[in-house]
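Quick notes on the structure that follows.
Bear in mind that the values in this text are calculations on the coordinates, not laboratory data. Since the model is a prediction, treat every value here as computed from it, not as a measurement. Positions of Cβ are generated from backbone atoms using ideal geometry, with glycine treated the same way; all protein chains shown enter the neighbour counts.
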Amino acid sequence: MTKRKMFIRMITASLTRRRSRMLVALLAIAVGATILSGLVTIYYDVPRQMGAQFRNYGANMIFTSAESDKDFSRDNIEEAAAVISSGDMVGMTPYRYETVRIHEQPIVAAGMDVEGAKITSPYWHVEGEWPSSPNEALVGEEVAALLGLSTGDTFNALYTPREDEETEEDVLNMGVDMTVSGILNTGGSEEEYVYMSMEDLESIVGGDPRFDLVELSVSASQEKLTSYVDTISGGDFGVSAKLVKRVTQSESTVLTKLQALVFLVTAVVLILTMICVATTMTAVVTERRKEIGLRKALGASDKSIIKEFMGEGLLLGGIGGIIGAVLGFLLAQFVSTRVFSSSIAFQPLILPATIIISILVTGISCFLPVRSAIEVDPALVLKGE
Amino acid sequence: MSLLELKNITKRYGNLKALDNVNLKVEQGEWVAIMGPSGSGKSTLMNIIGCMDKPTEGEVLLDGADIAKVSDKELTAIRRDKIGLVFQQFHLVNYLTALENVMVSQYYHSIPDEEEALMALERVGLKDRAKHLPSQLSGGEQQRVCIARALINHPEIILADEPTGNLDEANENIVLDIFRQLHKEGATLVVVTHDPEVGEIAERLIILEHGVIKSETKSSAADDAVIK
């Protein structure tokens, strides 16, 4: 039998036949590695997760016409929107605003892409239904109160053209009958409008399609958003892009604070874990002082004893690291599902990093007590008791 | 030239003289017992003979080389190559089998050889217990594994510290029979003991008191015992 085989035989015997002791040590390492890899996974995934969460607060970018007196077309919008990578684009809704007369009152009617608005304005609270068929409208709460409208009621919307505008007679005279599909409650200025599909608004006001504003929801970092805005506004799209500062800045602030918090927690937990692993390994080594003394008495060199104990420690660290890396990902997945209601992205680098850190921490935790244990005088350890 | 020669050995712990100008020679193949009350310096003497400690003054010549002057590292190498230790508490590695415990000694000495280790166990009558862990062995069996481990590297001296101190009479006899056999085969034995019976069967009995050799008696009991 070679020395190497005997070395492996001794190490595996120590791990397998001292099961309860080794399980305690393995547990400490695995738990440490689990928490470490879990928290680091969450730390790296927080921006993505929070970005998705923040998109619930509505659009964070708007497009308007580059020249204030000129409308912009669907082509302008689509070209400009193509600058934003499809992965970052959450949703986009064009709006057109026109003043119409309802029950003899001038009211602002907004034409929109209904499906797009559901994505870019997820915080809108609709009592009833979103418009789903022609001639249905979502009436802002204030408008509904003013006109005494509730879900299911019908109203006539009549277009009042601007003085310089030529309008077809029938549109002017007849108006269009609309049904209230739902009442919109946002707590904001949206409650002063009546929303309908772009097609319905066009049928009320007639004339060519045009757009006043596009709301976009883009999931990207502050820097990336700024670069998108600069590219679009600087390009020849006939579109001026702006960030909704209120949303993007608070997003960035909250994200920075949250990441700092997770980082701090990770660091503290890592230190505590290292102390825990170190304490466990120290206990495991210390209770084997007698064995170390015996091995010395049998003629083992200090180097040889360090090699054996480190071999055990590193093997244990490796196994604990592998268990921890896997459990850590599951932990992160669990937390992510519970807190963010979405699955976490697998970070391939965290796996080897966790294993290496486990091995290092366990190695250091073993090395220090082993180094002090080999100072032991074999005669003293073996005598007595 | 004697195998082991202690010349004017003094060992001090602070102001306390554990050994005071001790002179002792052990010849090749000799069986020497060292007896004495607690605090007489037995353990100190044993540690010095066993290359686990160095004297404050004096020379310790093992095979002609003075081990009082070597470094700790060299002392470890000498212990590994020339001394076989038998302990009162057996001191087996509890997670290794009897066979593996014997092989550990080979591992540090040279190359582990399972066949040879098995033969050493056979010699102490434990071949069929080779795969047992120490916890599965009786005290006497554990001591025999300890002896097999001490023998495996063919040491110059087998140094036993109270080898029968933890054994019942039946096992004590088994162990002493193994010692007689070893002695007959030419092994050099140094046995430190409290037990007069164990002391008296040695060829030479040294009584230590207050760090000095009080008496030295020769007997032929060892050989008689084997003949018996």
Between 0 and 90 degrees, rounded to the nearest ten: what's the tilt of helix B:72-82 against the longest Cα principal axis of chain B? 60
With a 10 Å Cβ neighbour count serving as the proxy for reagent exposure, in which order, fewest first, do A:Ser240, A:Ser227 appear? A:Ser227, A:Ser240
About the Cα centre, charge dipole magnitude for region B:106-179 (Lys/Arg +1, Asp/Glu -1 at Cβ), debye: 200
Over the alpha carbons of chain B, what is the largest minus smallest coordinate on each principal axis, giving the biggest first in Å? 49, 41, 32
Just to confirm a number: summing +1 for Lys and Arg and -1 for Asp and Glu over residues other than A:Glu127 whose beta-carbon lies under 12 angstrom from that of A:Glu127, what do you get? -3
Sites matching GluC sites (Glu not before Pro) across region A:16-106 that sit in DSSP coil, with at most 14 neighbouring C-beta atoms within 10 Å: A:Glu67, A:Glu104
Starting from the Kirkwood radius over alpha-carbon pairs of region A:58-245, derive D by Stokes-Einstein at 25 °C in a medium of 0.890 mPa s and give it in µm² s⁻¹. 142
Helix-only estimate, please: 222 nm mean residue ellipticity of chain A, summing -39500 (n - 2.57) across DSSP H runs of length 4 or more and dividing by its residues, to the nearest 500. -19000 deg cm²/dmol
Along the charge dipole of the protein assembly as shown, pointing to its positive end and built from +1/-1 on Cβ of Lys, Arg, Asp and Glu, which listed residue (A:Ser14, B:His194, B:Ile207) has its Cα farthest out? B:Ile207
Quick one: if the Förster radius is 45 Å, what FRET efficiency do B:Lys218 and B:Glu116 give, using the C-beta to C-beta distance and rounding to 0.05? 0.80
Calculated FRET efficiency for the pair A:Val269/B:Thr56, C-beta based, R₀ 41 Å, to 0.05: 0.20
Let me know the charge dipole size of chain A about its Cα centre in debye, to the nearest 20, where only the beta-carbon of Lys, Arg (+1) and Asp, Glu (-1) is charged. 6380
Listing A:Lys245, B:Lys214 from the residue with the fewest other Cβ atoms within 10 Å to the one with the most, what is the order? A:Lys245, B:Lys214
GNM on chain A, C-alpha springs below 10 Å: top fluctuator among A:Leu255, A:Leu138, A:Leu349? A:Leu349
Given the DSSP H assignment, sum -39500 (n - 2.57) over each helix run of at least 4 residues in chain B and divide by its residue total; what's the result at 222 nm in deg cm²/dmol, nearest 500? -10500 deg cm²/dmol
With a sphere of radius 10 Å drawn around the Cβ of B:Leu126, what net charge do the other residues whose Cβ falls strictly inside it have (Lys, Arg +1; Asp, Glu -1)? +1
Let me know the shape class of region B:106-228, please: from the alpha-carbon gyration tensor, a ≥ b ≥ c as square roots of the eigenvalues, rounded when a/c is under 1.5, otherwise prolate if a/b is greater than b/c, or oblate. prolate
For A:Ser14, A:Ser133, which order do you get if you count the other beta carbons within 10 Å of each Cβ and list the fewest first? A:Ser133, A:Ser14
Taking the alpha-carbon centroid of each part, what is the distance from region A:39-91 to region B:153-217 in angstrom? 90
Could you please report the charge total around B:Glu116, scoring K, R as +1 and D, E as -1 over all other residues with beta-carbon less than 11 angstrom from its beta-carbon? -3
For the protein assembly as shown (alpha-carbon point model, no solvent) the Debye-based log₁₀ I(q)/I(0) at q = 0.09, 0.11 Å⁻¹ works out to -0.80, -1.02
Considering only DSSP beta bridges whose two residues both sit in the protein assembly as shown, what percent are antiparallel, to the nearest 5? 65
How big is D for region A:76-137, in µm² s⁻¹ as a whole number, if Stokes-Einstein is applied with the Kirkwood radius of its Cα pairs at 20 °C and 1.002 mPa s? 154
Whole-Å distance, taken between Cα centres, linking region A:269-343 and region A:224-238: 52
Note on chain A: helices (DSSP H) long enough, at least 24 Å by alpha carbon along their axis, and hydrophobic enough, mean Kyte-Doolittle at least 1.6, are A:350-373
